[in-house]
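The values are calculated or read from the model by the stated rules, or taken from the named source; none is laboratory data. Since this is a predicted model, take the numbers as computed values, not measurements. Note: ideal-geometry Cβ built from the backbone for every residue, glycine included; neighbour counts use all protein chains shown.
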Protein chains: 4
Amino acid sequence: MISFASDYIAGAHPKVLKRLVETNLETLSGYGTDPYCEAAAAKIRKACGCPSAEVFFLTGGTQTNQVVISTMLKDYEGVLSEETGHVSAHEAGAIEFTGHKVLTIPGHDGKIDPEGIKKFADKFYGDDSHEHMVFPGMVYISFPTEYGTIYSKAELEAIYKTAHEYKMTVFIDGARLAYGLESLEADVTMEDIASLSDVFYVGGTKCGALCGEAVVFTKGNMPAHFVPSVKRRGALLAKGRLLGVQFDALFTDGLYSEIGRYAVEKAEELKKIFIEKGYRFFINSPTNQQFVIMNDEKLRELEDKVTCSFWEKYSETETVVRFATSWSTTAEELDYLRGIL
Amino acid sequence: MISFASDYIAGAHPKVLKRLVETNLETLSGYGTDPYCEAAAAKIRKACGCPSAEVFFLTGGTQTNQVVISTMLKDYEGVLSEETGHVSAHEAGAIEFTGHKVLTIPGHDGKIDPEGIKKFADKFYGDDSHEHMVFPGMVYISFPTEYGTIYSKAELEAIYKTAHEYKMTVFIDGARLAYGLESLEADVTMEDIASLSDVFYVGGTKCGALCGEAVVFTKGNMPAHFVPSVKRRGALLAKGRLLGVQFDALFTDGLYSEIGRYAVEKAEELKKIFIEKGYRFFINSPTNQQFVIMNDEKLRELEDKVTCSFWEKYSETETVVRFATSWSTTAEELDYLRGIL
Amino acid sequence: MISFASDYIAGAHPKVLKRLVETNLETLSGYGTDPYCEAAAAKIRKACGCPSAEVFFLTGGTQTNQVVISTMLKDYEGVLSEETGHVSAHEAGAIEFTGHKVLTIPGHDGKIDPEGIKKFADKFYGDDSHEHMVFPGMVYISFPTEYGTIYSKAELEAIYKTAHEYKMTVFIDGARLAYGLESLEADVTMEDIASLSDVFYVGGTKCGALCGEAVVFTKGNMPAHFVPSVKRRGALLAKGRLLGVQFDALFTDGLYSEIGRYAVEKAEELKKIFIEKGYRFFINSPTNQQFVIMNDEKLRELEDKVTCSFWEKYSETETVVRFATSWSTTAEELDYLRGIL
Amino acid sequence: MISFASDYIAGAHPKVLKRLVETNLETLSGYGTDPYCEAAAAKIRKACGCPSAEVFFLTGGTQTNQVVISTMLKDYEGVLSEETGHVSAHEAGAIEFTGHKVLTIPGHDGKIDPEGIKKFADKFYGDDSHEHMVFPGMVYISFPTEYGTIYSKAELEAIYKTAHEYKMTVFIDGARLAYGLESLEADVTMEDIASLSDVFYVGGTKCGALCGEAVVFTKGNMPAHFVPSVKRRGALLAKGRLLGVQFDALFTDGLYSEIGRYAVEKAEELKKIFIEKGYRFFINSPTNQQFVIMNDEKLRELEDKVTCSFWEKYSETETVVRFATSWSTTAEELDYLRGIL
């Protein structure tokens, strides 16, 4: 039985785990004030080409979206997201829990475009009715998206420009950032992500860590007194070292990129296998998540041989399923998969 | 430089870490559905003598208090706590963040008593004014308290009985449960904690884990659809294995008790050292936290030799400081401390 | 200058105001405990054919939606609404302010249908992914809708049945209930509204009162301790008499129906005028709101003669505007309107 | 049967009601944009000697406290109040409902002093522990207090100065402002109230209106986009005229002062009656609320002759009860009271 169910089916990348073991008995202060958090932040700042960025470590993705969005929005603002955006569809209402509305606009392949933003935001200029509506205060996008797709640099530039024209900030959810940046189709670097957003996060959980996400405020715009704001959201980890040590490892000797590159490579191999076996894809994804249209009969046949994720029904007799690769995907698993398809 | 600053200055207990390493490459499902979470829950149920208890793993203490209290209270209810209770004083308003008030009553040595509960609750019977007040729906206590003190079994029984007379539930915060149960003065077992509460949590972060707390709903009373309720609070960990594996280790071969016993033993030794050196204690604590009254001059002298926690000013020239022991406290550290006091 | 801008451009219906004047000096207890609130509740219960209904008076429409929805939903639930529903589009995020998500489904003419509900709710049965999504706990509809349209009895029956099959409650927003019930096309009575909902409200503000809405819990299902729940939402009026006296008047001698009937009659006359002048309607509304497509040039010409409400752009050169009638609309105003169109 | 139960037992002052009747059929725009709101705001600005003040009308006291406090506090801040402050004790948790903690400090006679503020706020300077605590961001006081007492000008100056030294704003709850300003002991004017606060409100509900409170932002500091912030709290009244017309009347020809003066005069007469009958007072109140210590037997005897408010038990055989006067108190009622005491 092999699994392509998600990119969080294994523990930590061995190099990350090794550092946790090596530092385990060191006496360190709590709540993110230890030297590993500091070192990790410095390395991330460097990777972003953004020496004045402020970096803060949180534990999980939904938590990070919740903390970032609810501390950056003003009282009367909501966050704009594509309809399938994680904050809109798959966080059990974590943004609304903090009192803020997720405003959705339609997109394509999980992506939004400047025209969509413009069309929505224009409603708030020119008449008074907006006073009974939720102002769009932030544009939320993910890189890669829920469908594994990525934005080009030109697209990110256009979104950033349009958002700022309407006084909105841009937040890039990088839960799977490593896989986006290392996609063969990517023309975007981490420096671009930093420069074309007001805040983004470097995903750890899905990219080699046991847990952890690194929020980067790129414009000297971390909300004042951010620690108590995080604490009151139940999101301040006592042993911040757990996050600091892991991100320090991820940003040492290019490990984060290496993890992304490896998983993308495996995804490309997986893609080839499906193509060679005659399968169709639901969407053309250049990252570690692949969405395959599969006959329901075949799916039942595979059930006790390989685990993947149900995505949605495609037709009466077909289903879209997701296969995800990661640093832990092996050549043997791919061979085995080829054999059973 | 040695440190008694807190019980979370080191990583994980070596036996806990060992299991994380051993299980690291296993393919496991996410969000707490893996077999380690299941095994850990079973072991905790057994330790509680409560076969039908529901166990849920969360990441940190404030998060746990926030999730438990806000999902168990009714809309119009608040939680009753001693004035120095963690939920009232040191969580940056995490309970209020969820819309609920912390109602405080005075106690002694960090503990409340049935008379205090009764006096407060009586206001809600007999006239109508209570409709403009926050109903007390839950009694929150910690075992041990913020001052390291513990309740006797008789005291817990009386609190439980009184709370239920007023239709309140009892929630025991066990962030440092191991140290309370293993205190030389304790006449309470984990079974007692389970039977004399509606919900409690077994602290991991401060008792040997990298992170993690195990919430135990002792009366078949876990709120319906608890997973989405946790998720929307940003508190559902993707790699639930991180919590499951650690608690499985903590509840294998009596490790949790061993950790508690060891730290209490070290605390007793530490206490003796302070006594033999002529120091006074701010409070008589039978657990791993010791509150010492120290001359400010001496404190400054020690500053670069030992780290402890500032608690409060005692007089113009004296300060209360906290020394905490844990599984990582060594005999050498105590010897060194004796030498410099 | 005449105005058809809305149905809240005048004060109270003279008969309502008269009762406020007559009772002004009476000594009455506060917070809804006075005999006028009681009498009004009794009359509303009678009008609903629902002797055990619980009636509670609030001040405004958005407030009422916020209080009802947030006290009736469970922690992990959201409310289902048509995309143009008032709670979704025009309350500045009042539902989200309480932590709950408004889940939207597309409809037609402002109305939803059982198929839409079914399609949405089916996602929550059959697999586990729903644990990361917001459960639909309540169906929100308005009668009439934002577009002035109304549901038939058969439609309401089908919605009620479908909602309950999925364990959802049904909440009918009756901000303009009088105009819906008295529509020439209505086959629904107030008794039907009560029997085909779990909770609804009788709109006062837009139907003859200075302010006030009467919430009716039709199934003995008013949330426990509703008064403090209302109070903590800032929605408990000290001089509850202001609401009680007005609703008592509205439900004396059929005044509420009379107000509805009169406004609908005037709306039909208004409709005829527009038809006779060759205008087209954006939607076919059988109630007091009429949505007319108007040439922008004509609109500018009318600007200082009549006030109406901008609704949306229809084409490059045309705009949809709303004309609303009410108890205060006069024959003279209609004549004047005919003259200037 | 006469009543001194509260200052909201009657409807509106006749002059206020008269204006509602006179303006009832005027066509006016909604949501506070009508000329009466504008005129009332102008008159209040003038009464405050504060031409640039921003005035906003809300419906009730708890609502006003909730809206003002939650829109002015920053995310991580709480509001400081005397333990018996209305926001702390009698609003069913309305402040906590918005996510913010009410921080209490002890006072005397319902009042706080600069030393109390200083002692509390000093905790937030000098060490790091404050990051786990709720920052005090605003000082809330009421004028008069819950016990009818008032601050002197010197006391208000000292509080304002101290609060600002600690970067806190000052909010004065003026639910009964008229009675405070017209107290024989008052050395404070409405101009002083405006100059010694950042925001305050002029109480209408308890001072002659059917409902309504006028919030005054005295330093050009009304939160941006206040209308949608009010709307999402369910607090924006559709027929804003109801508030505008009433406040316009209250601030025409000195009516607001007249109402205060009359009630205080009646309170002084009432005080004399109690003194002449040998009763003791629980507290020395110079405003319209009088707190009398009464024998329980006497209290029972009076039960069907006069209504007053239970305050608290004083001893085994005595109770503190409140007698409140208002614009509607008559000489006959006082005579009758004298006869039965």
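Observations, loosely collected:
- Residue satisfying all of: in region A:312-341; of a type in the set (Lys, Arg) and touching a residue at least 24 places away in the same chain (Cβ under 8 Å); nearest to the other protein chains (Cβ to nearest Cβ) among these: A:Arg322
- In region B:155-189, residue surrounded by the most Cβ atoms within 10 Å (Cβ to Cβ) [restricted to those that are among the hydroxyl-bearing types (Ser, Thr, Tyr) and either touching a residue at least 24 places away in the same chain (Cβ under 8 Å) or in a helix (DSSP H, G or I) (or both)]: B:Tyr179
- Exactly one residue out of D:Glu38, D:Glu82 is outside the structural domain of D:Glu268 (by TED's automatic domain parsing), modelled with pLDDT of 95 or more and under 18 Å from the mean Cα position of the chain (by Cα), and it is D:Glu82.
- Selection status of C:Thr33, polar (S, T, N, Q) and part of a loop (DSSP other than H, G, I, E, B): yes
- Here D:Ala214 fits the description: assigned to a strand (DSSP E or B), on the phi < 0 side of the Ramachandran plot, in contact with a Phe, Trp or Tyr (Cβ under 6 Å, 6 or more places away or on another chain) and in the same structural domain as D:Ala94 (by TED's automatic domain parsing).
- Total residues in region D:237-291, condition of a type in the set (Asp, Glu) and on the phi > 0 side of the Ramachandran plot: 1
- Of C:Leu255, C:Leu237, C:Leu250, all but one fail to be surrounded by fewer than 22 Cβ atoms within 10 Å (Cβ to Cβ), at pLDDT 95 or above, under 23 Å from C:Glu22 (Cα atoms) and more than 15 Å from the chain's Cα centre (by Cα); the exception is C:Leu255.
- Options B:Gly208, B:Gly126; residue that is modelled with pLDDT under 95 and assigned to a loop (DSSP other than H, G, I, E, B): B:Gly126
- Among the conditions (1) modelled with pLDDT under 95; (2) among the aliphatic types (A, V, I, L, M); (3) in a loop (DSSP other than H, G, I, E, B), D:Ala121 misses just one, which is (3).
- Exactly one residue among B:Ala92, B:Ala40 is small (Gly, Ala, Ser), surrounded by 24 or more Cβ atoms within 10 Å (Cβ to Cβ) and under 21 Å from B:Leu250 (Cβ atoms), and that residue is B:Ala40.
- Among the residues of region D:68-82, those identified as facing another protein chain (nearest Cβ under 7 Å) and either over 21 Å from B:Glu77 (Cβ atoms) or of a type in the set (A, V, I, L, M, F, W, C) (or both) are D:Thr71, D:Asp75, D:Tyr76.
- Here B:Thr307, B:Thr330 are screened, and the one residue that is exposed (fewer than 15 other Cβ atoms within 10 Å of the Cβ) and over 21 Å from the mean Cα position of the chain (by Cα) is B:Thr330.
- The residues of region B:285-304 that are of a type outside the set (Ser, Thr, Tyr), out of contact with any strand residue (DSSP E or B) (no Cβ under 9 Å at 6 or more places or on another chain) and closer than 25 Å to B:Lys206 by Cα, listed by number, are B:Pro286, B:Glu303, B:Asp304.
- Residue count for region D:218-243, restricted to those that are closer than 24 Å to C:Gln246 by Cα and polar (S, T, N, Q): 0.
- Number of the exception - A:Gly234 against (1) at negative phi; (2) outside any helix (DSSP H, G or I): (1)
- Unique residue being over 30 Å from B:Ser3 (Cβ atoms), assigned by TED's automatic domain parsing to the domain that holds A:Cys211, buried (at least 18 other Cβ atoms within 10 Å of the Cβ) and out of contact with any Asp or Glu (no Cβ under 9 Å at 6 or more places or on another chain) when the list is A:Ile69, A:Ile112: A:Ile69
- In region C:230-247 there is at least one residue that is in contact (Cβ under 8 Å) with a residue 24 or more places away in the chain and more than 14 Å from chain D (Cβ to nearest Cβ).
- Residue check for D:Thr145: surrounded by fewer than 24 Cβ atoms within 10 Å (Cβ to Cβ), polar (S, T, N, Q) and at pLDDT 95 or above: no
- Any hit, region A:199-217, residues being surrounded by fewer than 24 Cβ atoms within 10 Å (Cβ to Cβ), under 17 Å from the mean Cα position of the chain (by Cα) and more than 14 Å from chain B (Cβ to nearest Cβ): yes
- Exclusive hit being within 8 Å of another protein chain (Cβ to nearest Cβ) and either surrounded by 20 or more Cβ atoms within 10 Å (Cβ to Cβ) or more than 22 Å from A:Thr98 (Cβ to Cβ) (or both), set B:Gly30, B:Gly85, B:Gly49: B:Gly30
- Verdict on B:Ile117 being buried (at least 18 other Cβ atoms within 10 Å of the Cβ) and within 16 Å of the chain's Cα centre (by Cα): no
- Take the conditions (1) within 14 Å of chain A (Cβ to nearest Cβ); (2) surrounded by fewer than 24 Cβ atoms within 10 Å (Cβ to Cβ); (3) within 29 Å of B:Phe124 (Cβ to Cβ); B:Asp192 misses just one of them, which is (1).
- Total residues in region B:69-98, condition in a loop (DSSP other than H, G, I, E, B) and of a type in the set (A, V, I, L, M): 2
- Sole exception among (1) surrounded by fewer than 24 Cβ atoms within 10 Å (Cβ to Cβ); (2) outside any loop (DSSP other than H, G, I, E, B); (3) of a type outside the set (A, V, I, L, M, F, W, C) for A:Gly220, by number: (2)
- Subset of region D:1-22 [among the β-branched types (Val, Ile, Thr) and facing another protein chain (nearest Cβ under 7 Å)]: D:Ile9, D:Val21
- Residue match in region D:55-65 (condition: part of a helix (DSSP H, G or I), more than 7 Å from chain C (Cβ to nearest Cβ) and over 20 Å from D:Phe251 (Cα atoms)): yes
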